[in-house]
Amino acid sequence: MPSTAATDWLASVEAALQRRDPGEPEFHQAVQEVLESLAPVVAARPELREHRVVERLVEPERQVIFRVPWQDDQGGVRINRGFRVEFNSALGPYKGGLRFHPSVNLGIVKFLGFEQIFKNALTGLGIGGGKGGSDFDPRGRSDAEVMRFCQSFMTELHRHLGEHTDVPAGDIGVGGRELGYLFGQYRRITNRWEAGVLTGKGTGWGGSRVRTEATGYGNVLFTAEMLKVRGTDLEGRRVTVSGSGNVALYTVAKAQQLGAHVVTVSDSGGYVIDEKGIDLALLQQIKEVERGRVSDYAERRGTSARYVTEGSVWEVPTDVALPSATQNELTETDAIALVRNGVTAVSEGANMPTTPEALRVLREAGVAFGPAKAANAGGVATSALEMRQNAARDSWTADRVEDELAGVMRSIHDTAYETAERYGRPGDYATGANIAAFERVADAVLAQGLI
Ligand code: NDP
Ligand code: 2IT
């Protein structure tokens, strides 16, 4: 099939999807970003169209939506909505995090689940793609309220899970505390010690060392690989980071270990610019112990730090930008500002933080761009290592896990880089990652028949 026919056909698949699943803009955006890359593959392999592999990949295998009733500390009845989208299990059990945030809806869970299929394929490990969550807002809730919510959520979700079936982990609003409550309730309902049913567990009860750090560490390692190709490294580089949650904190940590000068973090209220460099110990105390805000950091840090509530963190001049908060947080205007200020690399710790318009600006300017499904795959890869440890009833040292993580990130980098070259798009990691991941999943789907 000529490439233009392939492009037209992919556009028709996308148009059908938009008609069939209206009101899911983030899902459409994620699908479009992948399909845009696939014309050369579809043109070269007619069996993909004949067996309708692309149409099958954009349709989740199963979607579960459920009511989550719980009681607040005043005795009031609260109702939230729970989701689990089991997107694709051609390569292994559904795997992907749970997000608790008021913005969560089916379209957002589907975008995250769709991305997860390809991210997980890139790790080279045996994990399928899924995602879940709730519109529950943990902010301002007591530990007891979070526990009751998690118990109610798991009371429904447990029937869909299993170490060989579907294995959730954390995402926005779901960290160690929530995973503890979720695991406790799963164990209580099922009467099984089934460690491999959730990842990101505490290291004292089945969790892998370095899982907490893995997403941020992995994104910095991926960035270092991209810089290496360009004959440089992170030593002495000025770095800006957005977010101040799990991914952001360990992005700051690893960037600093590699000699970078990290000057920003943010949250939904604003950002902090700290010209002396982020004091990680203070930030961790405020975020991980006190569950505070970046404004508290600015207050306690002294004169080097300033809290800014106007404009965008991406207006701060930088060599390397690492968005680590949420989807569509880096817009076209932001990309123009970054390029004007001389950015050389942007790598996505968050899922889909860069809008399509912003990506176009970065591409045209020749900025090295690490797409989320490659750059932030260190978290889920380490989850797969946690599953491996659980299956063997084993517990690896931090050094061993970090070595494996570094190996996975290098391999993802090289796969994306080489695939982009092979398809005539040198340096285009986004296209390389999409094609390499799609081919791995598509081959498995084709081999397993009409399922
Ligand atoms: P956390 O809940 O730990 O932190 C989220 C951070 O992002 C907070 O600083 C939060 O600020 C900010 N944020 C969230 N939503 C918004 C919003 N709508 N606008 C502005 N800021 C926002 O989550 P994680 O660090 O785990 O996740 C961050 C990103 O990384 C997400 O895109 C997630 O999907 C992705 N990711 C996470 C992985 C993991 O292992 N945890 C793995 C791979 C990707 P505030 O407190 O004000 O809401
Ligand atoms: O987006 C992601 O890759 C995650 N939130 C981590 C998923 C996982 O199963 O570790």
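The values are calculated or read from the model by the stated rules, or taken from the named source; none is laboratory data. Just so we're clear, the structure is a prediction, and the values are computed from it rather than from any experiment. In this analysis, Cβ positions are derived from the backbone assuming ideal geometry, glycine residues included, and neighbour counts consider all displayed protein chains. Note: areas computed on protein heavy atoms with side chains; ligands, DNA, RNA excluded. Shrake-Rupley method; radii C 1.70, N 1.55, O 1.52, S 1.80 Å.
Which of the three applies to region 198-350, rounded, prolate or oblate, going by the alpha-carbon gyration tensor with a ≥ b ≥ c and a/c under 1.5 meaning rounded? Because a/c hits 1.5 or more and a/b fails to exceed b/c, region 198-350 counts as oblate. Put a dot 7 Å past the Cα of Asn191, heading toward its Cβ, do the same for Arg400, and the two dots end up 3.4 nm apart. Computed over protein heavy atoms with a 1.4 Å probe, the carbon and sulfur contribution to the accessible area of region 6-151 reaches 46%.
Across every direction, the projection of the convex hull enclosing the Cα atoms of region 172-265 has a mean area of 6.9 nm².
Using a Förster distance of 51 angstrom, determine the FRET efficiency expected from the C-beta separation of Ala16 and Thr303, and round it to 0.05. Taking R0 as 51 Å, the efficiency between Ala16 and Thr303 is 0.35.
The share of accessible area on region 297-451 that comes from carbon and sulfur is 47 percent, using a 1.4 angstrom probe. Using only alpha carbons, region 234-310 has a radius of gyration to Kirkwood radius ratio (Rg to Rh) of 0.93.
When the trypsin sites (Lys or Arg not before Pro) in region 260-361 are filtered for DSSP coil states and for at most 15 other beta-carbon atoms within 10 Å of their beta-carbon, the remaining sites are Lys276, Arg291. Applying a length cut-off of 18 Å (Cα extent along the axis) and a mean Kyte-Doolittle floor of 0.5 to the DSSP H helices of the chain leaves 106-122, 429-447. For Ser244, the amide hydrogen comes within under 5 Å of the amide hydrogens of Ser266, counting only partners 5 or more places away or on other chains and with H modelled in the peptide plane. The alpha carbon convex hull volume per residue for region 127-228 rounds to 125 Å³. Taking 0.36 nm per residue of separation and subtracting the Cα-Cα distance, full extension of the segment from Gln257 to Gln284 would add 8.2 nm.
Rolling a 1.4 Å probe over the heavy atoms of the protein chains gives region 235-389 an accessible area of 36 Å² per residue. Spin-label model, Ile451 to Arg360: label points 7 Å out along the Cα-to-beta-carbon direction sit 4.0 nm apart. Taking the helices alone, the chain has a mean residue ellipticity at 222 nm of -15000 deg cm²/dmol, built from -39,500 (n - 2.57) per DSSP H run of at least 4 residues and averaged over all its residues.
By DSSP, the beta bridges lying fully in the chain are antiparallel in about 60 percent of cases. Translational diffusion of the chain was estimated from the Stokes-Einstein equation, with Rh taken as the Kirkwood radius over Cα pairs; at 10 °C and 1.306 mPa s the coefficient is 72 µm²/s. Of the GluC sites (Glu not before Pro) in region 289-351, the ones in a loop by DSSP (not H, G, I, E or B) with at most 15 other beta carbons within 10 Å are Glu290, Glu310.
Please report, as a whole percent, how much of the solvent-accessible surface of region 184-228 comes from carbon and sulfur atoms (probe radius 1.4 Å). Of the solvent-accessible surface of region 184-228, carbon and sulfur hold 41 percent.
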